[in-house]
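To start, the structure itself, in structure tokens.
The values are calculated or read from the model by the stated rules, or taken from the named source; none is laboratory data. Predicted model only: the values in this text are computed from it and were never measured. Cβ: placed from backbone, ideal geometry, glycine included. Neighbour counts: every protein chain shown. With ligands, DNA and RNA removed, areas are computed over all heavy atoms of the protein, side chains included. Shrake-Rupley method; radii C 1.70, N 1.55, O 1.52, S 1.80 Å.
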Amino acid sequence: MGGAVSAGEDNDELIDNLKEAQYIRTELVEQAFRAIDRADYYLEEFKENAYKDLAWKHGNIHLSAPCIYSEVMEALDLQPGLSFLNLGSGTGYLSSMVGLILGPFGVNHGVELHSDVIEYAKQKLDFFIRTSDSFDKFDFCEPSFVTGNCLEISPDCSQYDRVYCGAGVQKEHEEYMKNLLKVGGILVMPLEEKLTKITRTGPSAWETKKILAVSFAPLIQPCHSESGKSRLVQLPPVAVRSLQDLARIAIRGTIKKIIHQETVSRNGNGLKNTPRFKRRRVRRRRMETIVFLDKEVFASRISNPSDDNSGEDLEEERREEEEKTPPETKPDPPVNFLRQKVLSLPLPDPLKYYLLYYREK
């Protein structure tokens with residue numbers, strides 16, 4: 001599914017286009033999308049299509065279109081410290097973006113049917129953790145993935161604040177999905193060809209909102225064992241932070257506040273997450289949505305929220321931008337202010353490195 005916005009040349013331009021089209025509307029969601037390069041979740045031979053607003057499928061590996069993920073992220077209304085369950089977690093792309101918002105005290109679990117996709121997701125997660133400087137990794141809620149059919153979750157599992165299902169849910173499974181939610185929680189799932197947001201307002205009370213016309217592959221029904229019994233999926237236990245972790249998070253949080261205050265007093269504003277390159281504006285246009293599902297193709301129309309009928313002269317605007325932008329301008333390398341601050345503290349070196357080191361080998 002996709003094609004609602006113009007293709008980008010890189011991840012930042014893709015996000016710029018999603019913002020212009022009003023698929024990304026909040027700062028937290030924008031930051032999460034910018035922090036993770038969508039191309040990193042593609043196989044090398046398919047990366048040329050990573051910044052197109054299209055779904056991608058190769059074998060069991062699947063990524064929804066960027067406009068779908070952005071609508072899902074906005075609908076989930078994520079906040080730090082919440083618990084999240086991703087049914088059909090796939091490559092882990094969405095789970096990693098969610099983890100950036102949930103922070104160190106959140107819960108981030110995923111259930112995926114195919115074990116080879118779980119391994120792929122773990123590889124991509126490890127690559128992100130090792131290479132990304134976009135977010136403070138101590139503030140990251142690392143996702144945990146388990147293999148199994150999401151329709152066979154053990155009935156004694158905990159309920160979650162936020163739940164997303166990445167496959168089409170049949171009407172008969174709607175109540176099952178709702179029961180995974182805490183009171184006050186939000187469930188987002190494709191239901192009857194509509195991306196649907198369901199909020200649990202009470203023990204037996206629900207509010208339902210249809211967001212977007214979509215076409216997803218349906219959930220795969222459970223296969224019973226030879227004994228006729230289903231294989232129940234046990235979700236990961238909720239981890240409890242050690243006292244050392246809590247102290248480290250508190251110290252780093254205090255230092256970050258100091259850095260922010262210093263920046264505000266010096267520049268008159270806070271740290272901003274701006275695009276790495278100056279972007280040329282791209283006029284939005286109404287486009288057909290094409291959905292690829294195995295060998296079948298479905299087509300439907302989605303109205304672009306930011307259709308531009310002003311008749312601007314794009315060629316003239318492009319020339320103006322080129323005149324303003326120096327040719328071959330290289331961005332300055334990012335500065336890790338937190339690392340600099342920690343290294344300047346009057347502390348023993350082992351303690352400094354402990355504050356900077358976040359993951360046991």
* Asked: Of the heavy-atom accessible surface of region 136-218 (probe 1.4 angstrom), what whole percent is carbon and sulfur?
  -> 49
* What accessible area, in Å² to the nearest ten, does a 1.4 Å probe give for Lys171? -> 110
* So which of Lys47/Lys210; Lys19/Lys182; Lys57/Lys194; Lys124/Lys256 end up more than 23 Å apart, counting from Cα to Cα? -> Lys47/Lys210; Lys19/Lys182; Lys124/Lys256
* Ordering of 106-114, 191-199, 344-352, 242-250 by burial proxy (mean other Cβ atoms within 10 Å per residue, highest first) -> 106-114, 191-199, 242-250, 344-352
* **13 Å beta-carbon shell around Gln170, net charge (K/R +1, D/E -1)** => -4
* Would you tell me the accessible area of Phe127, worked out with a 1.4 angstrom probe on the heavy atoms of the protein chains, in Å² to the nearest 10? => 80
* region 1-157 - accessible surface per residue (Å², probe 1.4 Å) -> 34
